[in-house]
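Data first, discussion second: the structure below is written as structure tokens.
The values are calculated or read from the model by the stated rules, or taken from the named source; none is laboratory data. Small disclaimer: the values here were computed from a predicted structure and weren't measured. When we count neighbours, we look across all protein chains shown, and the Cβ atoms used for this are built from the backbone with ideal geometry, even at glycine.
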């Protein structure tokens, strides 16, 4: 069998490239316009987790100090999520776009941006 015949026998009809679900990139902004960028597949649950967290992270300390009513939660991007790494790449790019590591509540990128390719 020739290579062209072998290639024609590949069944591309069964290839399913549909995303597993939709992921969300969100932005939390305080009353001073300081931001936090995150990602999730359930934004309602994630916002509640941030509000109730007892972790010693800059965002969670600020929510306790300023009160959750002084923070705004918004979806800034919907991403077809094939895998977690893809969502984290979008999240890290938004961290750069909103400068949330230098001037916000994020402390580092979610993924190593230096070694993507």
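Tabulated results
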{"item": "Residue among 55, 85 that is out of contact with any strand residue (DSSP E or B) (no Cβ under 7 Å at 6 or more places or on another chain), surrounded by fewer than 16 Cβ atoms within 10 Å (Cβ to Cβ), at pLDDT below 90 and not in a helix (DSSP H, G or I)", "result": "55"}
{"item": "Filter result for residue 70 (exposed (fewer than 13 other Cβ atoms within 10 Å of the Cβ) and at pLDDT 95 or above)", "result": "no"}
{"item": "Residue check for residue 75: touching a helix residue (DSSP H, G or I) at 6+ places or on another chain (Cβ under 7 Å), surrounded by fewer than 14 Cβ atoms within 10 Å (Cβ to Cβ) and touching a residue at least 40 places away in the same chain (Cβ under 8 Å)", "result": "yes"}
